[in-house]
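First comes the structure, then the notes that go with it.
The values are calculated or read from the model by the stated rules, or taken from the named source; none is laboratory data. All values derive from a computational prediction rather than experimental measurement. Note: ideal-geometry Cβ built from the backbone for every residue, glycine included; neighbour counts use all protein chains shown. With ligands, DNA and RNA removed, areas are computed over all heavy atoms of the protein, side chains included. Shrake-Rupley method; radii C 1.70, N 1.55, O 1.52, S 1.80 Å.
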Amino acid sequence: MGAGIAQVAARGGFDVIMQDVADEFLARGMKTIDRSLQRDVDKARLSRDEKSAIVARIKTTTDIGALSDALIVVEAVTEDLDVKTGVFRSLDAVTRADAILASNTSSISITKLATVTQKPDKVIGMHFMNPVPVMKLIEIIRGAATTDQTYEKIRALSEQLGKVPLECHDSPGFISNRLLMPMINEAIFALYEGVATRESIDGIMKLGMNHPMGPLTLADFIGLDVCLAIMNVLHDGFGDSKYRACPLLKRYVDAGWLGKKSGRGFYEY
Ligand SMILES: NC(=O)c1ccc[n+]([C@@H]2O[C@H](COP(=O)([O-])OP(=O)(O)OC[C@H]3O[C@@H](n4cnc5c(N)ncnc54)[C@H](O)[C@@H]3O)[C@@H](O)[C@H]2O)c1
């Protein structure tokens, strides 16, 4: 997701610094960006020179201190509260007082992330969809302390990136995942209970509901660890057993079968 966000920001004309914990992850991100832009070159949607210019606008680093001059930071690290609060503490320490700190979290409370910083008014959710270069929506989430000024800047930025911003308040799973994840979890329960095969479950939702991909394929694309983390946030946040994660999802994550990114999930890649 981080690479996709860096790509659309650079394509939108912004200078981008992509930061991660290790060079190998940055190299992987740059490779993803190169592949995605090359597809556009091949289809004559982008010139070779434009592609080079976009790539040249992205610098990579493992040093979080390199973000000291950034006006807007979009955090897209692992979906884990402890990891994210650690990153927000560091960002708060290294960034300018007027920098906006946005999170691409799929489900973690923006209000909670904001409390570990000295500028909760400048913390906001900027939830891009996967794949970032293709999907139009950015779900914008206001934390309890997010100001109108911060919201306006992020709304305008989203439009500058060619996206459609839609706003919601901070609530577990926001809108997108509060609706999507229980559907995916239910599909996993149906598979777990032997109600239908993976192909039937996905086919029924594709052909019957006009979904572009079935829920089990979508789960594999999102990452099963991410799906599990989101179900746990819904379960904890609402305290309602209807959000309990399916044991089969937990078992797959325990086995390291995380979907497309690990080569195996509900399907093999
Ligand atoms: N995968 C999706 O479809 C999707 C969609 C929308 C939003 N999101 C959200 O985007 C975020 C990232 O998801 P992803 O699927 O790209 O995860 P991922 O695990 O593929 O990537 C996370 C990246 O964060 C890096 N990272 C971990 N700790 C870090 C730290 N302390 N400092 C810097 N970098 C660190 C990892 O090295 C890795 O490169 C999550 O919050 C997720 O909920 C994911």
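Among the residues of the range 152-166, not a single one is free of Cβ contacts under 8 Å to residues at least 24 places away in the same chain and closer than 22 Å to I230 by Cβ.
Looking only at residues of the range 92-104 that are among the small types (G, A, S) and outside any loop (DSSP other than H, G, I, E, B), we find that the one that is farthest from V77 (Cα to Cα) is A93.
Taking A53 as meeting all but one of (1) of a type outside the set (V, I, T); (2) modelled with pLDDT of 95 or more; (3) within 16 Å of the ligand (Cβ to nearest atom), write down the number of the exception. With (1) of a type outside the set (V, I, T); (2) modelled with pLDDT of 95 or more; (3) within 16 Å of the ligand (Cβ to nearest atom) applied to A53, the lone miss is (3).
Regarding Y243, is this residue within 16 Å of the ligand (Cβ to nearest atom), touching a helix residue (DSSP H, G or I) at 6+ places or on another chain (Cβ under 8 Å) and aromatic (F, W, Y)? Explain how you work it out, then say what you get.
Working: within 16 Å of the ligand (Cβ to nearest atom): no; touching a helix residue (DSSP H, G or I) at 6+ places or on another chain (Cβ under 8 Å): yes; aromatic (F, W, Y): yes.
In short, no.
Picking from residues in the range 105-154 that are assigned to a loop (DSSP other than H, G, I, E, B) and among the basic types (K, R), the one that is nearest to the ligand (Cβ to nearest atom) is K136. Sort out for me the helices (runs of 4 or more DSSP H) sitting completely within the range 1-71 that have 3 or more residues that are open to solvent by 20 Å² or more (accessible area, probe 1.4 Å) and under 21 Å from G223 (Cα atoms). In the range 1-71, 23-42 are the helices (runs of 4 or more DSSP H) which contain 3 or more residues that are open to solvent by 20 Å² or more (accessible area, probe 1.4 Å) and under 21 Å from G223 (Cα atoms).
In this entry, R142 passes the filter for residues that are modelled with pLDDT of 95 or more and surrounded by 19 or more Cβ atoms within 10 Å (Cβ to Cβ). Within the range 252-264, at least one residue is buried (at least 22 other Cβ atoms within 10 Å of the Cβ) and free of Cβ contacts under 8 Å to residues at least 40 places away in the same chain.
In the set (1) more than 16 Å from the ligand (Cβ to nearest atom); (2) under 22 Å from the mean Cα position of the chain (by Cα); (3) farther than 29 Å from K112 by Cβ, K250 fails one condition alone, (3). Just to be sure before I move on: is I138 farther than 19 Å from V164 by Cα, of a type in the set (V, I, T) and within 18 Å of the chain's Cα centre (by Cα) in the structure I sent? Spelling it out, it is not the case that I138 is farther than 19 Å from V164 by Cα, of a type in the set (V, I, T) and within 18 Å of the chain's Cα centre (by Cα). Of all residues in the range 70-83, those satisfying the criterion of being touching an Asp or Glu at 6+ places or on another chain (Cβ under 9 Å) and within 7 Å of the ligand (Cβ to nearest atom) are V77, T78, E79.
Got at least one residue in the range 124-140 being of a type in the set (F, W, Y) and either closer than 22 Å to F221 by Cβ or free of Cβ contacts under 8 Å to residues at least 12 places away in the same chain (or both)? Step through it out loud before you land on a result.
Filtering the range 124-140 for residues of a type in the set (F, W, Y) gives 128.
Narrowing the set further to residues that are either closer than 22 Å to F221 by Cβ or free of Cβ contacts under 8 Å to residues at least 12 places away in the same chain (or both) leaves 128.
Checked against the condition, which is being of a type in the set (F, W, Y) and either closer than 22 Å to F221 by Cβ or free of Cβ contacts under 8 Å to residues at least 12 places away in the same chain (or both), the range 124-140 yields at least one hit.
L248 meets the conditions (1) open to solvent by less than 30 Å² (accessible area, probe 1.4 Å); (2) within 24 Å of L137 (Cα to Cα) in every case but one. The failed one is (2). For the range 215-224, the count of residues that are open to solvent by 50 Å² or more (accessible area, probe 1.4 Å), closer than 30 Å to Q7 by Cα and in contact (Cβ under 8 Å) with a residue 40 or more places away in the chain is at least one. If you go through the range 170-185 and keep only what is surrounded by 20 or more Cβ atoms within 10 Å (Cβ to Cβ) and of a type in the set (V, I, T), you end up with just I184.
Total residues in the range 231-258 satisfying the condition of being within 18 Å of P131 (Cβ to Cβ) and among the β-branched types (V, I, T): the figure is 0.
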